[in-house]
Structure formats: structure tokens, C-alpha cells
Amino acid sequence: MISTKGRYSLRILIYLAKHRNGSYIPMKDVAKRQGISLKYIERLLPALKEGGLIESLHGKGGGYKLTREPDQYTLWEILRLSEGNLAPVECLKEGSEQCDRAAVCPTLSVWAGYYRVTQEYFSGITLEDLIKSKTDYDYII
């Protein structure tokens, strides 16, 4: 399940993509427009910055902006950075030890298939796709 960390990270990046003009956008503007507390946004930004999705500038005229064009961001990349591992079961998480029952587990292939379909689906959608969708409002769920 995608938590508020993933959903709000998408909202932040969509906002930055829709309003990009080369300058930095203050997060207080994003918080106000998106109805997300600034404190919560500030907890999400480090993962997005460390992952290379955004850059920041402090001081007057500062804020955040995307590091690439919106068509170069997939939802899979964004959700993986904001949520951590998206594996549906512990044994499929990166770096986890193989379960003793993996060789005889009747459901492992089901979980692996679900994970693959999820990754393929979210990898096929970019920020550009989302900002081009037809909406009359600037609030994103």
C-alpha cells in the first residue's frame, strides 16, 4: 500500500513540475496550495533530494526545483525513494535473506509476479504524463 509519504511526494513533485520556470519554489507555497503541513513536507524532502530528484537553494529566492525534465521521472522511482522498498512481502525486499521456505513456497511466484506488474505499471508513468492530464484544478490527491 502506498502511504502518505508516497502520495505527498508525488503531489510535491507534480507541483514543482507544473510550476517550473527555472527558479526555485518555496515549500511554504507548495504546502499552502496542496494542503500539506510544511513540517511533514520537510520530512519528505531529504529522501527526494538525496535521490537526486530535487535540488534546493537556501536564502532569498530559495526553495526547491526538479533536477531533470518531468518526462525523466517515473512514478516507480519516486515511490521507491519516498516509500522505501515496495516489495509486497519481506522475502522479496532488496537485501533480505532468502527465506528457508523459498524453494517450497507455493505463493512466492504470486508475490513476485505482483511485484513485477506493479513495478512495470509505475515505471510506465512519468511526471510529464501526470501534468499533462486534464484537470481544472491544481490540487492533487
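The values are calculated or read from the model by the stated rules, or taken from the named source; none is laboratory data. Every value quoted in this text rests on a predicted model; they were computed, and no experiment measured them. With ideal geometry, Cβ positions are generated from the backbone for all residues, glycine too; neighbour counts draw on all protein chains shown.
Within region 8-25, identify whether any single residue is touching a Lys or Arg at 6+ places or on another chain (Cβ under 8 Å), among the polar types (S, T, N, Q), on the phi < 0 side of the Ramachandran plot and surrounded by fewer than 15 Cβ atoms within 10 Å (Cβ to Cβ), and answer yes or no.
Checked region 8-25: at least one residue is touching a Lys or Arg at 6+ places or on another chain (Cβ under 8 Å), among the polar types (S, T, N, Q), on the phi < 0 side of the Ramachandran plot and surrounded by fewer than 15 Cβ atoms within 10 Å (Cβ to Cβ).
Here are some conditions: (1) at pLDDT 90 or above; (2) surrounded by fewer than 12 Cβ atoms within 10 Å (Cβ to Cβ); (3) assigned to a helix (DSSP H, G or I). GLY52 meets all but one. Which one does it not meet?
(3)
Look at region 6-23 and say how many of its residues are closer than 14 Å to ARG80 by Cα and outside any helix (DSSP H, G or I).
Of the residues in that region, 0 qualify.
Go through region 83-98 and report how many residues are farther than 22 Å from GLY51 by Cα, in contact with a helix residue (DSSP H, G or I) (Cβ under 9 Å, 6 or more places away or on another chain) and surrounded by fewer than 14 Cβ atoms within 10 Å (Cβ to Cβ).
Qualifying residue count, region 83-98: 2.
Which of the following residues is within 17 Å of ARG7 (Cβ to Cβ) and exposed (fewer than 13 other Cβ atoms within 10 Å of the Cβ): SER133, SER109?
Values: SER109 fails: within 17 Å of ARG7 (Cβ to Cβ).
Result of the check over SER133, SER109: SER133.
Could you tell me whether LEU53 is in contact with an Asp or Glu (Cβ under 8 Å, 6 or more places away or on another chain) and within 18 Å of ARG11 (Cβ to Cβ)? Don't jump to the end; show me each part of the working.
Values: in contact with an Asp or Glu (Cβ under 8 Å, 6 or more places away or on another chain): yes; within 18 Å of ARG11 (Cβ to Cβ): yes.
Considered against the rule, which asks whether it is in contact with an Asp or Glu (Cβ under 8 Å, 6 or more places away or on another chain) and within 18 Å of ARG11 (Cβ to Cβ), LEU53 comes out as yes.
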